[in-house]
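Pasting in a structure now, in structure tokens, and then I'll have a few things to ask.
The values are calculated or read from the model by the stated rules, or taken from the named source; none is laboratory data. Here the structure is a predicted model, which means the values were calculated and not measured. Neighbour counts run over all protein chains shown; Cβ positions are idealised from the backbone, glycine included. The protein model used for the area step is the full one, side chains on, heavy atoms only, and it has no ligands, DNA or RNA in it. Shrake-Rupley method; radii C 1.70, N 1.55, O 1.52, S 1.80 Å.
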Amino acid sequence: MKYRYRAAERFWTSFYRLSPAQKESARRVWSIFKEDPFDPRLRTHKIQRLSANYGRTIYAVEIEGDLRLAFCLEGETVVSLIIGTHGIYKG
């Protein structure tokens, strides 16, 4: 499936707070993510707590170590919600 992508304002706020090394890791993962957000190399998984809080399925991909990107689907659009450590799961 071919997805369209957009990022929530909160995503950009959290992205700009990352260290330069983390930003570089995020950019490397983006090349895979934009082709297929469910690519097995990303270890995409559902985040139950956030999904319950938002009333829709929220997914996360592993970028490196403890760094994750949370996103949801709106039809054929992938919406990047936030990027950060596991603390983002607390919503």
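Express the relative contact order of the chain as a whole percentage, based on alpha carbon pairs under 8 Å and six or more residues apart in sequence.
34 percent
Further question on the same structure: Ignoring GluC sites (Glu not before Pro) that are buried or in helix or strand per DSSP, and keeping those with at most 12 other beta carbon atoms within 10 Å, what is the longest stretch of the chain between them? Each step should come with its number before you reach the end.
On the way: sites that count: 35, 76.
Result for the longest clean stretch: 36-75.
Right, another one. Just from its helices, what would the mean residue ellipticity at 222 nm be for the chain, if runs of 4 or more DSSP H residues each count -39500 (n - 2.57) and the sum is divided by every residue, rounded to the nearest 500 deg cm²/dmol?
Per the formula, -9000 deg cm²/dmol.
Rounded, prolate or oblate: which one fits the chain, using the alpha carbon gyration tensor with axes a ≥ b ≥ c (rounded when a/c is under 1.5, else prolate when a/b beats b/c, else oblate)?
rounded
Something else now. For residue 46, go through the aspartates and glutamates and keep the ones whose alpha-carbon is under 12 Å away, minus same-chain ones fewer than eight residues off.
Straight-line reach from residue 46, under 12 Å: 62.
Counting only DSSP beta bridges with both residues in the chain, tell me the antiparallel percent, nearest 5.
Beta bridges within the chain, antiparallel portion: roughly 80 percent.
Which trypsin sites (Lys or Arg not before Pro) in region 1-39 sit in a loop by DSSP (not H, G, I, E or B) and have at most 14 other Cβ atoms within 10 Å of their own Cβ?
2, 17, 34
Roughly how many whole Å is it from the C-alpha centroid of region 1-36 to that of region 62-79?
Their Cα centres are 8 Å away from one another.
Keeping all protein chains in place, calculate the accessible area per residue for the chain (probe 1.4 angstrom), answer in Å².
61 Å²
OK, next. Given a 1.4 angstrom probe, I'd like the percentage of the accessible area of the chain that is carbon and sulfur, rounded to a whole number.
The C+S portion of the solvent-accessible surface of the chain is 50 percent.
With the crude spin-label approximation of a point 7 Å out along Cα→Cβ, what separation in nm comes out for residue 16 versus residue 39?
Placing both labels 7 Å beyond Cα along the Cβ direction yields 2.8 nm.
Quick one: which residues, 5 or more positions from residue 78 or on another chain, have an amide H under 5 Å from its amide H? H modelled 1.01 Å from N in the peptide plane, none for Pro or chain starts.
4, 5, 6
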